[in-house]
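The values are calculated or read from the model by the stated rules, or taken from the named source; none is laboratory data. As the structure is a computational prediction, the values presented were derived from the model and not from experiment. Cβ sites come from the backbone with ideal geometry, for glycine too, and all protein chains shown count toward neighbours. The area values use the complete protein model at the heavy-atom level, side chains included, leaving out ligands, DNA and RNA. Shrake-Rupley method; radii C 1.70, N 1.55, O 1.52, S 1.80 Å.
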Amino acid sequence: MALLKVEGLGKSYTADKKILKNISFEIKAGELVSIIGPSGAGKSTLLRCINRMVEFNEGKIIFNNQEVGNLNKKELRHLRANIGMVFQHYNLVPRLTVIENVLHGRFGYKTTMQGLLGRYTEKEKAAAFHLLEKMGIHEHAYKRCDQLSGGQQQRVGICRALIQEPKLILCDEPIASLDPNSSKIIMDLLKSISTEMGITCLVNLHQVDVAQYYSDRIIGLNKGEIVFNGNSTELHEDNINRIYGTKTEDLITS
Amino acid sequence: MALLKVEGLGKSYTADKKILKNISFEIKAGELVSIIGPSGAGKSTLLRCINRMVEFNEGKIIFNNQEVGNLNKKELRHLRANIGMVFQHYNLVPRLTVIENVLHGRFGYKTTMQGLLGRYTEKEKAAAFHLLEKMGIHEHAYKRCDQLSGGQQQRVGICRALIQEPKLILCDEPIASLDPNSSKIIMDLLKSISTEMGITCLVNLHQVDVAQYYSDRIIGLNKGEIVFNGNSTELHEDNINRIYGTKTEDLITS
Amino acid sequence: DDVIKMVWYPNESGQDMKSSRDEIGRMVSEATGKEVEHQLTTDYSIAIETLVNNNADLAFTGAQAYVEANKRNDAVRTIAVKTGESGTLDDAMYYSWLAVNKDEQDKFKENGEFSLDKIADTRFSFVSNSSTSGFKVPAASIIDHFSQQDEYADLTEVDLMESGTLFSQVLFGNSHQGSAVNLLSGNADVAAFCDTCVEDYVELADGEENTEGAVYTVKEGAAEPFNTVEGKEFTLMNATPVLNEPFVVNMDVIGQEDFEKVQEVLTSVEFANNEKIFAPEGSDQNALFTKSGDERLLPVEDEWYDPIREMAN
Amino acid sequence: MNEKTMRKSRWQTVIFLLIIITLTYLSSIITSFSFADGLATIPEALGWMTSNLMVTGESLDKLPNILEKLAETTFMSIAATTIAAVVSLFLGVLGSKTTKVNNFLSVFARFIASVSRNIPVVAWSLVLLISFGQNSVTGFLALFVGTVGFLTRAFIESIDEASQSSVEALTATGATYFQIVGKAVIPQCLPQMISWVLFMVETNIRNATLVGILTGTGIGYTFDMYYKMLDYNAVALVTLTIVITVIMVDLISNYVRKVIL
Amino acid sequence: MEATYIKTKKDGRIVIKSGNKGDRVLKGTIVVLSILTVISFFFFNYAGLELGSAIRETAYNLKVMFLQPALSTISLSEAIYQVGVTLSLAFLATVIGAVIAFFLSLMAATNLSPVWLTRIVRVFVAFIRAVPTVLWVLIFAIAAGLGSEAAVLGMLFHSIAYLVKAFSEAFEEIDKGIIEALQSTGAGWWHIVKSGVLPSTFTYLLSWIFLRFEINFGVAVAMGAAAGAGGIGFDLFMASSFYFDMREVGFITYAILIVAFLLEVISTRMKKRYFPASSN
Ligand SMILES: Nc1ncnc2c1ncn2[C@@H]1O[C@H](COP(=O)(O)OP(=O)(O)OP(=O)(O)O)[C@@H](O)[C@H]1O
Ligand SMILES: Nc1ncnc2c1ncn2[C@@H]1O[C@H](COP(=O)(O)OP(=O)(O)OP(=O)(O)O)[C@@H](O)[C@H]1O
Ligand SMILES: [Mg+2]
Ligand SMILES: [Mg+2]
């Protein structure tokens, strides 16, 4: 049974231009799937439709047997609590400590009052520390986020997503702002999240080689349409050209 | 004859800690030399001593047969006009156009009045355009700098340094804020500047692989001391460990 | 409620009047058995509106302010007024002066007599546009005089407040002393102010008090702001009697019972003999009033102020 | 940082809040202020406003005169702000960390700014009024002084914030001090500065009411005149014209700000 | 190829300015302001102005004020107490204003509230700002009677309006991503305000509050006196308008200056120490 099922998804911000056209795919639990495609192809939009950060116009998204499009406000919060999200620019609250930022991931499970008072259970705090340790940044737990390097901040972002205990993590270009070194660390972490923790990861990427190396499956998007959907080993130069409409060399750098 | 000669250079910001200790090296005209070393090793400080953005305490720096330490105010301006500088964060004036930013490189040759009135000769303007074209960003000449991507901004920074008609360009981590793609473009440009235009480049770098790939020679700095100075082909794992005090794998990624 | 709120105008709000204020408060408090709360403000309109809008019981106002307040709320009524030296209401008045510098007085004369015609196009200093003797009274006589000429037929009070209509420049001294200093320091050619307000600083040099042509000199060693104009002399071109300022109450707030009690104490002999309120003549003590004869407070009815009321219209 | 210091910062927040609450309490005691009483009067205040502060046909007769004074005030505010901006530009450049010539001048500039900002405009008006008399120049000077204080501080902050990196870059090209200030610092901070200047024009028109009352000039004088005559209809009209002017200036400056920033 | 991107003027000189709208509006604004400034000097009413003597007199008065300060009508302890009253008035108006402004500005920030609500709040606030403070004080003095309520409420209105503008602009500058990230965890609106908006803008809010406190102190000097709440402004007014006692005016000015300086020092210290903009 698929964890996530997208059927005939269509989205347009303005009446005159369709950003996503008839997108359909399925993702099984525990898979790491990459979405690649040129800038403006609609990768971010697609990701955001899944947790309804963006409202879509056509089609259906079924996550965990729930139809995403029909949820009311409360159910939507619940859905989002079940889906973690990781951003290119980490989107942490810079003035707060690492541990506080991680704990923000628990908001989806809290009433307004609990959240306002900053009441986290000891169990939650311990879990947060455990995650930080797993990501190798527990020693920075009490530092302010803006004192961390990019790669460290992204790991905090991942912790924040993981503490939600999500079934799915959406990553919108998680390594685009990172140096190669940190990129590797982050991708390795995402990989282990999907294989070891069994959490599904859907990752937008710009680097074809990274996508090929890490993903189980790759979805290629061009102008809002899926032009490739298959195992990463099946992605060859002609497919890449279909996706990007250019030659590969220009895109990959050492 | 060496273009730049550093002899027994010592520098401390505070009385209790020496940042640079007895640094000596020579650089020939047209070389591309990288300085590598861990954070806080003193790379930036060393670079800044050369054009006296930072005053040094001990030793001598001889640039183009002039002793840098003894210059008066006017001579110092002249020295700086002869040495271009490129920064990690580009340090452009964000609200001005690309072409204006490039032309700022001519201030060293102008009287205060000429500079204030913004009097640039037609020749200078034409030269600026020529450089922008060479860097492939002439189509953005009239755009505001803050509308450009990081890589493009760094190319403007390089143009600003080049229009000084310098004998030496100092680059302080020119690619640390850039994505791999843009990094490659910038490093290729620096390489061609040194080989084709014969301008000496002294570059601070964090990435050992990049340094090895591009430089003629590498200077390794650790805690303010030179621990390696040789051809990039001579840089092996043991040297790298001496420089960084860690194993290489962690540092180099695909 | 059991508090009597008494509003004081800026003129009486200074520290030098504090002992008088406190004494009046004490006496009213004893008579009524209620606490008296003094309210001081630097803003004239706020003072009036406080009384009019039932936020105060008692006030000591100018005649003009009383008329305004009574017009806006007829619960505002007079309770007592200070008499003249005679101890009756007959001379319960002071004077609004129009003065010019002595050296320049001839410019304002026609055939040896002072003429209001001559003040057109001069620099004129009032006290403030809310002052009875420093604005309302002189303005009324000026308008009265000029509106008979075609050129100035529609002259209004507002015109007098603005430079360039009747006067080449209009100044406001913001106090009687200020207005007088405007004249003496040469910033104004003609000034309006009242006699009692400057009596500490000037003395009669020639002529009869409060009459046209009387000359006054600034005393040697006069206090600020007169210290810069010591020895200067000015001549009255006009002196108009103005009815004394009343104590007033808001009947809706104070109530008939307290009204009577307060009136009794204000008009009592002890009140008139209290040196903290009526300073004996010649003493250097500051008080609300000075006593040179049989001055005291007497009850007064609203109609007594009709002359002022008529003048305003 | 460890857990202890984090706890400490929690405590700091609590203590900070406690201090604020205590100070609020003390303040209300000193001034015998009761917030509840205050709140209770708001309906009455609105009632009074609607019954008294109404523009009537009669008061409209006064409009030409009011507009003339308003124009005087607007011009006065603009002139005071613009000239103050020029002075503040110099003080700002001297006072900023990145562009200071030396420490003495920097402290001096900041000191001037602080003094002129902190002496209340009331005090300035009164002092100036005594010597300059009732005319536009008095109002102009009173506004000018306060504006210099405020703008200098704002300019110093803009310069500090914006220009560190480009100053460094231009120094490295061998540019002179004036070239750096004129070609890197000012172009970079100019939009921010103009934005502050526009803000001050608006503020000054509003302040001109107070200054006008104190110095007897411009719309403030007109306001005060009708106000003291208890002619609230005219007061309402004056206020309305001020409101419209301020909102217009605000709209214009918002537009300009949007385009230039 | 060559020269296609180069713009030249008619005389063949190469253009280096972008000449975009922002630049033109900027230049236009400066030109218009300068012209208006020049014009305004013709509009001024110079009645009774004698520059020479005026400057001399001002200098003299300033000298008396600042070099011979003295108290005559009030005692030192009274002066200190009155400064305390003024400070308290300013403090109350600022604190209450800040609290109310915080909630209103959440409603006025376009990234936190629906557009219609932000419009309503903004128009309301713009109106309040434009009405002179004296008038607010008068209105409340009439409604509440003379006293601190009138003074504080009168000042409160402006404080709120000023802070709402400042706060909502600060909120709008928050990185959109932070809000998005919190939304995506399933956080509710109040969670986002408390954990995303407030920590990110706290120092700015605080700076604005401090700035407003300084302004309110100045306003309280004038308004406390008018509203019958007393304070040092009352003595200042009396000293200058009724007694013309420049020495006392000087002393009071010193008192005000010292307090204002202290406020400034305390606020910068506190900001640096407890609420650093960047980490240390
Ligand atoms: N909020 C929005 N309103 C209108 N159009 C939008 C909005 N967000 C994105 N778009 C448009 O939708 C298209 C797809 O954008 P999207 O951000 O999904 O692309 P992407 O594949 O993520 O590109 P990139 O690699 O640059 O992030 C673009 O043309 C973009 O301009
Ligand atoms: N202006 C300064 N005043 C005092 N100490 C300084 C100053 N600038 C740098 N330092 C100190 O000098 C040392 C070397 O700094 P430098 O910036 O030269 O190192 P770096 O090798 O460039 O490091 P990075 O790779 O992080 O840029 C550091 O310990 C730093 O704290
Ligand atoms: Mg995207
Ligand atoms: Mg460095």
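Points worth noting:
- Qualifying residues in segment E:72-94 (those that are aliphatic (A, V, I, L, M) and open to solvent by 20 Å² or more (accessible area, probe 1.4 Å)) - the one farthest from the other protein chains (Cβ to nearest Cβ): E:L76
- Subset of segment A:181-216 [away from ligand 1 (no atom under 16 Å from the Cβ), closer than 23 Å to A:I240 by Cα and either touching an Asp or Glu at 6+ places or on another chain (Cβ under 6 Å) or not assigned by TED's automatic domain parsing to the domain that holds A:N241 (or both)]: A:D216
- Sole exception among (1) within 17 Å of the chain's Cα centre (by Cα); (2) more than 16 Å from ligand 1 (Cβ to nearest atom) for A:I35, by number: (2)
- Among the residues listed as D:G182, D:G146, the single one being touching a helix residue (DSSP H, G or I) at 6+ places or on another chain (Cβ under 6 Å), in the same structural domain as D:A79 (by TED's automatic domain parsing), buried (at least 24 other Cβ atoms within 10 Å of the Cβ) and part of a helix (DSSP H, G or I): D:G146
- Checking each residue in segment B:119-131 for being more than 8 Å from every other protein chain (Cβ to nearest Cβ), in contact with a Lys or Arg (Cβ under 8 Å, 6 or more places away or on another chain) and assigned to a helix (DSSP H, G or I) picks out only B:E124.
- Of all residues in segment D:230-258, those that are more than 10 Å from chain E (Cβ to nearest Cβ) have Cβ atoms under 6 Å from Cβ atoms of residues that are outside any helix (DSSP H, G or I), 6 or more apart or on another chain, in D:N233/D:T56; D:A234/D:K62; D:L237/D:V55.
- Any hit, segment E:2-16, residues being modelled with pLDDT of 80 or more, over 30 Å from E:F124 (Cα atoms) and within 14 Å of chain D (Cβ to nearest Cβ): no
- Matching residues, segment E:182-191, being open to solvent by less than 10 Å² (accessible area, probe 1.4 Å) and in contact (Cβ under 8 Å) with a residue 12 or more places away in the chain: E:L182
- Reported count of residues in segment B:11-38, each being near ligand 2 (Cβ under 9 Å from one of its atoms) and either of a type in the set (A, V, I, L, M) or part of a helix (DSSP H, G or I) (or both), is 3.
- Some residue of segment E:129-138 being farther than 24 Å from C:T41 by Cα, assigned by TED's automatic domain parsing to the domain that holds E:T201, touching a residue at least 60 places away in the same chain (Cβ under 8 Å) and open to solvent by less than 40 Å² (accessible area, probe 1.4 Å): no
- Filter result for B:L116 (at pLDDT 90 or above, part of a helix (DSSP H, G or I) and at the interface with another protein chain (Cβ under 8 Å from one of its Cβ atoms)): no
- D:A113 being crowded, with 18+ Cβ neighbours inside 10 Å, within 18 Å of the chain's Cα centre (by Cα) and within 10 Å of chain E (Cβ to nearest Cβ): no
- Counting the residues of segment A:144-178 that are among the small types (G, A, S), open to solvent by 30 Å² or more (accessible area, probe 1.4 Å) and closer than 20 Å to A:V203 by Cβ gives 2.
- Unmet criterion (only one of (1) at pLDDT 90 or above; (2) crowded, with 18+ Cβ neighbours inside 10 Å) for B:G198: (2)
- Residue tally, condition under 15 Å from B:L46 (Cβ atoms) and touching a Lys or Arg at 6+ places or on another chain (Cβ under 6 Å), over segment B:173-220: 1
- Among the residues examined, B:V86 qualifies as more than 16 Å from ligand 3 (Cβ to nearest atom), touching a strand residue (DSSP E or B) at 6+ places or on another chain (Cβ under 7 Å) and under 20 Å from B:I193 (Cα atoms).
- Residue selected from segment B:185-196 under the condition over 18 Å from B:G150 (Cα atoms) and touching a residue at least 12 places away in the same chain (Cβ under 8 Å), by the criterion nearest to the other protein chains (Cβ to nearest Cβ): B:K191
- One residue stands out among those in segment B:39-54 that are more than 7 Å from ligand 2 (Cβ to nearest atom) and part of a loop (DSSP other than H, G, I, E, B): the one that is least open to solvent (accessible area, probe 1.4 Å), which is B:N51.
- Of all residues in segment A:132-152, none are over 17 Å from A:S182 (Cβ atoms), facing chain E (nearest Cβ under 8 Å) and touching a Gly at 6+ places or on another chain (Cβ under 7 Å).
- Extreme residue, nearest to A:G157 (Cα to Cα), among residues of segment A:90-143 that are of a type in the set (G, A, S) and surrounded by fewer than 20 Cβ atoms within 10 Å (Cβ to Cβ): A:G136
- Breaking point among (1) facing chain E (nearest Cβ under 9 Å); (2) open to solvent by 10 Å² or more (accessible area, probe 1.4 Å), for A:L79: (2)
- Screening C:T156 with (1) open to solvent by less than 50 Å² (accessible area, probe 1.4 Å); (2) within 21 Å of D:Y221 (Cβ to Cβ) gives one miss only, at (1).
- Segment C:167-179, residues that are assigned to a loop (DSSP other than H, G, I, E, B), under 24 Å from the mean Cα position of the chain (by Cα) and either at pLDDT below 85 or not aromatic (F, W, Y) (or both): C:G173, C:N174, C:S175
- Among the residues making up segment C:1-22, those that are part of a helix (DSSP H, G or I) and open to solvent by 20 Å² or more (accessible area, probe 1.4 Å) are C:N11, C:E12, C:Q15, C:D16, C:M17, C:K18, C:S19, C:D22.
- Residues in segment E:215-239 that are small (G, A, S) and open to solvent by less than 10 Å² (accessible area, probe 1.4 Å) were compared, and the one that is nearest to C:Q177 (Cα to Cα) is E:A239.
- Scan of segment B:26-38 for residues that are away from ligand 4 (no atom under 16 Å from the Cβ) and open to solvent by 30 Å² or more (accessible area, probe 1.4 Å), ordered by number: B:E26, B:K28, B:A29
- Qualifying residue in segment A:59-67 (condition: open to solvent by less than 10 Å² (accessible area, probe 1.4 Å) and either within 16 Å of ligand 2 (Cβ to nearest atom) or outside any strand (DSSP E or B) (or both)): no
- Residue match in segment D:16-39 (condition: more than 7 Å from every other protein chain (Cβ to nearest Cβ), part of a helix (DSSP H, G or I), over 26 Å from D:A162 (Cα atoms) and of a type in the set (G, A, S)): yes
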